[in-house]
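The block underneath contains the structure these notes are about, expressed in structure tokens.
The values are calculated or read from the model by the stated rules, or taken from the named source; none is laboratory data. These figures come from a predicted structure and were not determined experimentally. With ideal geometry, Cβ positions are generated from the backbone for all residues, glycine too; neighbour counts draw on all protein chains shown.
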Amino acid sequence: MQEPVLKESDFNKFSHYVYDMCGINLHGGKKQLVKARLGKILRQRAFRSFSQYYDHVVNDKSGSELILLLDSISTNLTYFFREPAHFDFLRKRTLPEIMKSKDRSSRDNCLRFWSAGCSSGEEPYSIAMTISEALDNREKWQFKILATDLSTRVLTTAGSGIYEKMKIEKIPYELRKRYFQKGDNKWKGYFRVKRQMRDKICFRRLNFRDNFHFREPFDVIFCRNVMIYFDSPTKEILVGKFFRNLANGGYFFIGHAESLTGLEHQFKYIQPSIYQKV
């Protein structure tokens, strides 16, 4: 059977549809990626053409085909303690500052974090370990982490907290010992994040295109290496949503390769890739 050809017209239809549904900008340089990832779906499910598959997705009223499409074209590259300077800043400056502020102005003893674009879970678990190590008075302070992603596929991995040995090898031994359980029998070669850490994190699917508003603001929001997939107007809208859902004095972390330069926003620049709501 001849491999289906991704015509320019088909690519444009997928590109516009994905942009409308979630804001991801599939520009011309992504054509080969789209062809490879969607081609796999065509082969597995016997679609004769990209056009036929497009019609199938658009006409599916359940929304499940759209989720599969977005899962397929999403790129999820991450690892534990990625961009470690952020976790140092979180431990040395952000946490002490926020706890001091809460001590001074309210009875609130809960620290609230959001890992926006959490992929397969390495980021929120890294945040949880950092907080846990930094808290001297664990009886006084509680913390909660919301971890969201567009992809249901990676959220399944994240929620399980199970990782191959190679994924955790760079984590310091003491942290591995404290926060991971070693698998045996059929799980030999795998490690699982211990329950006390998993219980701190709520994993949920969230589309940044949605009009989201949370009941309680977050003290810290991580949205790293996600906005590189969006165009400037989409980034600007999203940054405004993050600002509205961050507490006064809260911190906003983006990827080291990212910047808010050129976007209209209300954040105060602290240092490269770190901003604050003041």
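Contact map, segment 265-278: first residue in contact (Cβ under 8 Å) with a residue 60 or more places away in the chain, second residue of a type in the set (Val, Ile, Thr), Cβ cut-off under 6 Å, separation 6 or more or different chains; pairs are SER273/ILE254.
Does segment 155-178 hold any residues that are under 21 Å from the mean Cα position of the chain (by Cα) and surrounded by 12 or more Cβ atoms within 10 Å (Cβ to Cβ), and which are they? Answer for segment 155-178, where residues must be under 21 Å from the mean Cα position of the chain (by Cα) and surrounded by 12 or more Cβ atoms within 10 Å (Cβ to Cβ): LEU155, THR156, THR157, ALA158, GLY159, SER160, GLY161, ILE162, TYR163, LYS167, ILE168, ILE171.
Tell me the residue from GLU164, GLU174 that is over 20 Å from PHE208 (Cβ atoms), assigned by TED's automatic domain parsing to the domain that holds MET227 and without any contact (Cβ under 8 Å) to a residue 24 or more places away in the chain, please. Write out each step before concluding.
Details: GLU164 fails: without any contact (Cβ under 8 Å) to a residue 24 or more places away in the chain.
Step by step, each of GLU164, GLU174 is checked, and only GLU174 is over 20 Å from PHE208 (Cβ atoms), assigned by TED's automatic domain parsing to the domain that holds MET227 and without any contact (Cβ under 8 Å) to a residue 24 or more places away in the chain.
Among the residues of segment 266-278, those identified as crowded, with 16+ Cβ neighbours inside 10 Å and not hydroxyl-bearing (Ser, Thr, Tyr) are PHE267, ILE270, ILE274, GLN276, LYS277. Scan (1) surrounded by fewer than 17 Cβ atoms within 10 Å (Cβ to Cβ); (2) under 17 Å from PHE11 (Cβ atoms) for the single condition LEU70 breaks and write down its number. Here LEU70 meets the rest and fails (1).
Out of everything in segment 213-265 that is in a loop (DSSP other than H, G, I, E, B) and basic (Lys, Arg), what residue ends up being nearest to THR94 (Cα to Cα)? First the steps, then the outcome.
Of the residues in segment 213-265, the ones in a loop (DSSP other than H, G, I, E, B) are 213-217, 223-226, 230-231, 245, 254-265.
Right, trim to basic (Lys, Arg) and you get 215, 224.
Working: ARG215: 22, ARG224: 17 Å.
Looking at residues that are in a loop (DSSP other than H, G, I, E, B) and basic (Lys, Arg), I get ARG224.
Considering (1) in a helix (DSSP H, G or I); (2) closer than 16 Å to ILE67 by Cα, the lone condition that ILE24 does not fulfil carries the number (1). Confirm whether LEU6 is touching a helix residue (DSSP H, G or I) at 6+ places or on another chain (Cβ under 6 Å), within 22 Å of LEU238 (Cβ to Cβ) and not β-branched (Val, Ile, Thr). No.
Here VAL226, VAL220 are screened, and the one residue that is of a type in the set (A, V, I, L, M, F, W, C), modelled with pLDDT under 95 and in contact with a strand residue (DSSP E or B) (Cβ under 8 Å, 6 or more places away or on another chain) is VAL226.
Hey, among ARG43, ARG82, ARG91, which residue is part of a helix (DSSP H, G or I) and within 27 Å of the chain's Cα centre (by Cα)? It would help to see each step written out before you state the result.
Working: ARG43 fails: within 27 Å of the chain's Cα centre (by Cα); ARG82 fails: part of a helix (DSSP H, G or I).
The unique qualifying residue is ARG91.
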